[in-house]
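Below is one structure, written out as C-alpha cells; comments come after it.
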Amino acid sequence: MEPMKSPVVVIPSQELGQARLDPTLNAAAVVVVTVAPSGRTLTDADVDWLRSPARISLAWLGSTADTDAVAVALACDLVIAETNAVLNFAPANEEQLPVLGSIDALVERVGSSRALALIMGGPTSADQAHQWGIVDRLGSLESAMGWAEQISQHSPQWLAEVKALLGQARQSGDQALVRRRERESLGRLASDGAEAGEGIDE
C-alpha cells in the first residue's frame, strides 16, 4: 500500500480568516498562501493556524509587498517570491509597527541587527531577501505549486511529525529532550504504519 498523499490547497491571504473556519481547507496538510500586495493585518489566530504542525504553509509573493503582506509571508513555513518582487518591511507611518505579528519570525530568520537594517533600509528586492534567508526560493506561482506538490507526496502524519520536531528543536536547547522527541515520533509513525498494514524499515 502506498503512503497517503497530503492534499494541497491554495488560499488568497485575504481569505485566511474564512479558510480557518472551512472544514475542507482546515483539513489540508499543505497550503499555498498567495499573498496580496497590501496585506491584511495578521491575527494571532492566523499565525497559530499557519504555524500549526497540522499543515505545511507556503507563501507566494508575486509583486510589491507592504509590511503587512510581508508579515503574512513570514508567518508561513516557507516563502517563495517572484524574482521581480519587492518587500517593504517598514510601515507606511509611525502609527503602525513593522511586520506586525511576525517580528519573531523575521528575527529568527536574519537576527535582530539585520532585521533592524531591513526595517530602516527601504524596499528590499526579492533577490536580496533570498540571499539573506527571508525568501526560501525565487519563482513563479507555478513553481510554488510544484514545490507544494512535491511536499504533498509525503503523508500528513509524517509532515506533522517533522514540523513538530523542528519546532521543538528550535525552542529547546536540550539536546537530550530533542533526541527523546525523535524516538517518540518514530514510535508513532511505526505504530500507524503497522495499523495501516505497511512495513517500516528501522
With the charge dipole of the chain built from beta-carbon charges (+1 for Lys and Arg, -1 for Asp and Glu) about the Cα centre, the Cα from V9, A190, Q131 projecting farthest to the positive end belongs to Q131
So for the chain, taking the charge dipole from beta-carbon charges (+1 Lys/Arg, -1 Asp/Glu), which of L166, V47, T34 sits furthest toward the positive end?
L166
Nitroxide proxy distance, nm - points 7 Å out along Cα→Cβ at L100 and L141
2.7 nm
One would report the antiparallel percent of DSSP beta bridges in the chain, rounded to the nearest 5, as 10 percent
In nm, to one decimal, how far is the modelled label at A27 from the one at Q131, with both set 7 Å along Cα→Cβ?
4.6 nm
May I ask you to compute the full-extension gain from R20 to M120, defined as 0.36 nm times their residue separation minus their alpha-carbon distance, rounded to one decimal in nm?
32.6 nm
Taking a label point 7 Å from the Cα of T83 along the Cα→Cβ vector, which residues of segment 121-161 have an amide N closer than 11 Å to it?
127, 138-140
Determine, from the Cβ-Cβ distance of V10 and R183 and an R0 of 30 Å, the FRET efficiency 1/(1 + (r/R0)^6), rounded to the nearest 0.05.
0.25
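FYI, it's all coordinate maths here, none of it is from the lab. Please read all numbers here as calculations on a predicted model, not as lab measurements. When we count neighbours, we look across all protein chains shown, and the Cβ atoms used for this are built from the backbone with ideal geometry, even at glycine.
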